[in-house]
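The values are calculated or read from the model by the stated rules, or taken from the named source; none is laboratory data. This is a predicted model, so every value here is computed, not measured. Every residue, glycine among them, receives a Cβ derived from its backbone with ideal geometry; neighbour counts consider all protein chains shown.
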Amino acid sequence: MDSRDDVQVVITGSSSFTLANSVEEPLTGRKFEYKLFPLSYTELAKHFGFLEESKKLELRLIYGSYPEVVTNEDGVKETLKMLADSHLYRDLMQYEGIRKPTVLEKLLRAVALQVGSEVSYSELAGLIGVSRTLVESYLKILEQAFIIFPLTSYSNNLRNEIKKGVKYYFWDNGIRNAVLNDFTPVPQRNDIGALWENYAISERMKRKAYSRADGLPYFWRTTDQMEVDYLEVCGSKIKAFEFKWNPKKKSRVTKAFTNRYPDAEIETVTPENFGEWVG
């Protein structure tokens, strides 16, 4: 068979513990790349049933949905600590780009504490005591290892819009909480808003990856702190989403956004409509 007809299937992702840049690409032939994430809400709902999976939502916010966690609910804390230790603090440390393991640990913890907030590379560098270049390099490695992913700011070059902002989210809530060693139940959490936002956005990103859906993901913010949690932009069409853990809490997208983008579709995502949103 001619080499141009060769087909290579490449599997990367957090479930396969494969760095995205560690797979050699062929010079010829076609390549199909599949990303394996922690189990998605849709997959779990199909297996356990929508009603049963909805009941487990609080557990997913705390312990995530790695296969080892889902199938071993009696030992979830130990399982997550083992995953974090083996994947983050052993396998990943062997990667040739990691020269300062303690810096990576501090950086990951700092990112975990800033989920849902805009990240400053310079502030992270000052906090940890290293160069901005090293911070950016290690964050890229964490992306390639499918631990975190970035969400950049959207701007149409209008006044006061943040044009180069970035947030980082974890592909799995359980890994995020394991990094912080915080498995406090949902009712006692003071970071439930960040947990819900991380979970919702990561599940939406899984859905987009598996379905190859159109629409580029962003967040939106102005210099005077007006913000929209999450956008999907496809051409001139914009969909804006806010995340509220408490369905009874009033929510509306800031007028600063609706005045600029009056044709944007707007929706609030809560536990009540989440299944439909990611289904």
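What do you reckon, is residue 193 modelled with pLDDT under 95 and not aromatic (Phe, Trp, Tyr)?
For residue 193, the condition - modelled with pLDDT under 95 and not aromatic (Phe, Trp, Tyr) - is not met.
With the condition kept exactly as written, say whether any residue in segment 154-161 is surrounded by 14 or more Cβ atoms within 10 Å (Cβ to Cβ) and touching a helix residue (DSSP H, G or I) at 6+ places or on another chain (Cβ under 6 Å).
Among the residues of segment 154-161, not one is surrounded by 14 or more Cβ atoms within 10 Å (Cβ to Cβ) and touching a helix residue (DSSP H, G or I) at 6+ places or on another chain (Cβ under 6 Å), which makes the answer no.
Would you pick out the residues in segment 125-154 that are touching a residue at least 24 places away in the same chain (Cβ under 8 Å) and in contact with a strand residue (DSSP E or B) (Cβ under 8 Å, 6 or more places away or on another chain)?
Across segment 125-154, the qualifying residues are 139, 142, 143, 146, 147, 148, 149, 151, 152, 153, 154.
Out of all the residues in segment 163-188, which are farther than 18 Å from residue 84 by Cβ and either without any contact (Cβ under 8 Å) to a residue 24 or more places away in the chain or of a type in the set (A, V, I, L, M, F, W, C) (or both)?
The answer is 163, 164, 166, 186, 187, 188.
When residues of segment 173-191 are filtered for being under 16 Å from residue 56 (Cβ atoms) and in a helix (DSSP H, G or I), how many remain?
5
Filter segment 239-276 down to residues that are under 14 Å from residue 226 (Cβ atoms), aromatic (Phe, Trp, Tyr) and outside any loop (DSSP other than H, G, I, E, B), then give me how many there are.
1
Take segment 37-55 and flag every residue that is surrounded by 15 or more Cβ atoms within 10 Å (Cβ to Cβ) and among the aliphatic types (A, V, I, L, M).
39, 44, 45
Scanning segment 242-265 for residues that are in contact with a Lys or Arg (Cβ under 8 Å, 6 or more places away or on another chain) and of a type outside the set (D, E, K, R), which turns out surrounded by the most Cβ atoms within 10 Å (Cβ to Cβ)?
Taking the candidates together, the pick is 264.
Applying the selection to segment 231-240, what residues are within 15 Å of residue 153 (Cβ to Cβ) and either β-branched (Val, Ile, Thr) or surrounded by fewer than 21 Cβ atoms within 10 Å (Cβ to Cβ) (or both)?
Matches in segment 231-240: 232, 233, 238.
Within segment 111-156, count every residue that is farther than 25 Å from residue 240 by Cα, part of a helix (DSSP H, G or I) and among the β-branched types (Val, Ile, Thr).
4
Can residue 181 be described as surrounded by fewer than 23 Cβ atoms within 10 Å (Cβ to Cβ) and on the phi > 0 side of the Ramachandran plot?
So residue 181 passes the test.
Looking only at segment 157-171, which residues are in a strand (DSSP E or B) and not β-branched (Val, Ile, Thr)?
Passing the criteria: 161, 167, 168, 169, 170.
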